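Some notes on the structure that comes next.
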Amino acid sequence: MNEQDLQRLLGYVPDLAGGLFYTIVLTPIAMASATILGVLFAIGLNAPRRIIRTPIQWFIEVARSIPELVHVFIWYEAFAIMGLVLPAIAAGIGALTVVFGAFLGEVIRAGVLAVEPTQWESGQVLGMSRWTIWRRVILPQALRTVLPVWSSYYISMYKATALLGLITVPDLLFRARGLASQNFRHFEIYTIVLVLYFIVGKASLAIIRRYERRLRVDVPKSEELTLLRHPLADHT
Amino acid sequence: MDGLERFLDVAHFMAPAAVTTLLVALVSFPGALTVAAIVTVPRIHRIPVISWLADQYVDFVRTTPLLLHLFFVYFALPFVGIRVEPITAGVLTLSLHVGAYQSEVLKAAYHAVPRGLVEAADVLGMSRLVRLRRVMLPLALRVALPGLANSMIEILMDTVILSVVAVVEIFYSRTLYFYQFFAGRIESLILVCLFFVIIGVPAGRLVRRLERRFTIPGSGSEPARIL
């Protein structure tokens, strides 16, 4: 590697660093809103009234059978045509929130089912309102139970943010395309970006796994929970 | 052209592309299985270096976006002399990507066969082949089937990514329609959604039925408890 190569590689740094920033920041934001939506879905799926449960069930089934990329274009393109023009980043986060919220809704519901029914009764006996029982008794336990599944969705989300580069969100993939179209060194640039994605992904995975161990609770595995675990989740 | 007429026109235009989508998924599935088989063997039987490489490969695929893999195969590889057609690049990328996930399914299925059963088969004097056919496969396939069926749906949904390298699959055909007629963007998007919902919802239900039917009773998520 000579002086010139080094100069060129250093020239990538500002762009790639900016892209990396977006990629790293987008994931937790989108995942946080997807988790909130997932919790709402899970509460809705647990509702006593069928009129609340059924539409949510349908929505989840439909949302998860449509590819992420199509969701992104629904939010970015279709909404704009119908008069709701969203900034690319908002459209992207909205789309990913819906897709992952649908998946997480089912996962969290399974976690709720794994909580002992006596916990509900205990809450009632203590005079807690329905909402307080959800917030202080059921959800903390349910969310801990589904944590391993949640983390594999976190990594899926990290990968899915790359789709936002297609709708001009300036993330790592978007910057890579820009750089490559300037100097036609596709091989070099895409290799660097692949390595960056790999390093950040492995690091996030390691951090999540550490928290997971700290928060882990051993809950008896209900049949429902094993049925609904992420089919492609890791089995380590 | 008004509502319904436009709808039918778009549908007519997109139909061949929908077939392409299905074909790409159908071709990629055995490709992915091949990748999975090749990667899983060293992950089960510990072979120095090769096992490590196989593990790293799976980790690599699981932490890097599919879109980037496709860009790499289609835009970067020609610079080192590997030039492929867009559709080949797509099938290759899907196979390599989904293969890594399937490898996780196969690995889990292998570990779902209790050691005790394998040893029992040995004690009964079964040959390796008979042991595989009568003891290991019936159990392992039962565990693997829902996961593999699910990966088939994943492949189908992932094919829309191929639109970025101009493979005329269902999602790219809507762009083409717009370029030609400057209309029908909403209609075509609705049709794309319908296509995936009509296939995806029943398929998803089928996979969940398979899971329920094939779960080995009492095994929970720890298959070793089967005995």
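What follows draws every value from the coordinates through simple rules; no lab data is involved. The shown structure was predicted, so the numbers you read here are calculated from the model rather than taken from an experiment. Backbone-built Cβ (ideal geometry, glycine too); neighbour counts: all protein chains shown.
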Filtered trypsin sites (Lys or Arg not before Pro), region A:24-56: DSSP coil and at most 16 other beta carbons within 10 Å: A:49
Trypsin sites (Lys or Arg not before Pro) restricted to DSSP loop in region B:25-90 with at most 12 other C-beta within 10 Å: B:46, B:83
From phi via Karplus (6.51, -1.76, 1.60), per-residue ³J(HN,Hα) for region B:172-184 in Hz, x at Gly/Pro: 6, 5, 6, 4, 4, 4, 5, 4, 7, 10, 6, 7, x
Chain A: most fluctuating residue of A:193, A:39, A:72 per GNM, C-alpha cutoff 10 Å: A:193
Size of charge dipole - the protein assembly as shown - debye, nearest 20, with Cβ of Lys, Arg +1 and Asp, Glu -1, no other charges: 1440 debye
Listed residue (B:99, A:2, A:12) projecting farthest to the positive dipole end of the protein assembly as shown, Cβ model: B:99
Vicinal HN-Hα couplings computed from phi for region B:82-90 (Karplus, 6.51 cos²θ - 1.76 cosθ + 1.60; Hz; Gly/Pro x): 9, 10, 10, 5, x, 5, 5, 4, x
Pairwise label distance in nanometres, residue A:50 with residue B:59, each label 7 Å out on the Cα-Cβ vector: 5.0 nm
Residues in region B:185-200 that a label on residue B:166 would reach, taking backbone N under 16 Å of a point 7 Å out along Cα→Cβ: none
Taking all pairs of distinct alpha-carbon atoms in region A:3-227, Kirkwood radius in angstrom: 19.6 Å
Estimated dipole of region B:67-183 in Debye, rounded to 20 [Cβ of Lys and Arg +1, of Asp and Glu -1, Cα centre]: 440 debye
Per-pair calculated FRET efficiency, R0 = 41 Å: residue A:17 and residue B:206 via Cβ, rounded to 0.05: 0.35
Calculated FRET value between residue A:116 and residue A:212, using beta carbons and R₀ = 25 Å, to 0.05: 0.70
Hz values of 3J(HN,Hα) by residue in region B:97-112 - Karplus curve (6.51, -1.76, 1.60), Gly and Pro given as x: 6, 5, x, 5, 5, 5, 4, 4, 5, 5, 4, 4, 5, 4, 6, 6
GNM result for chain B, Cα springs below 10 Å: residue of B:168, B:123, B:49 fluctuating most strongly: B:123
Cα-centred dipole magnitude for region A:3-227, charges only on beta-carbon of K, R (+1) and D, E (-1), debye, nearest 20: 560 debye
Paramagnetic reach from residue A:184 in region B:82-105 [backbone N under 17 Å; point 7 Å along Cα→Cβ]: B:82-83
Within a Gaussian network of chain B (alpha carbon springs, distance under 10 Å), most fluctuating of B:197, B:80, B:160: B:80
Which of A:148, A:196, A:126, positive extreme of dipole for region A:111-217 (C-beta unit charges): A:196
Estimated [θ] at 222 nm from DSSP helical runs (n ≥ 4, -39500 (n - 2.57)) normalised by residues in chain B, nearest 500: -24500 deg cm²/dmol
Nearest-0.05 FRET efficiency for residue B:126 and residue B:50, computed from C-beta distance (R0 30 Å): 0.60
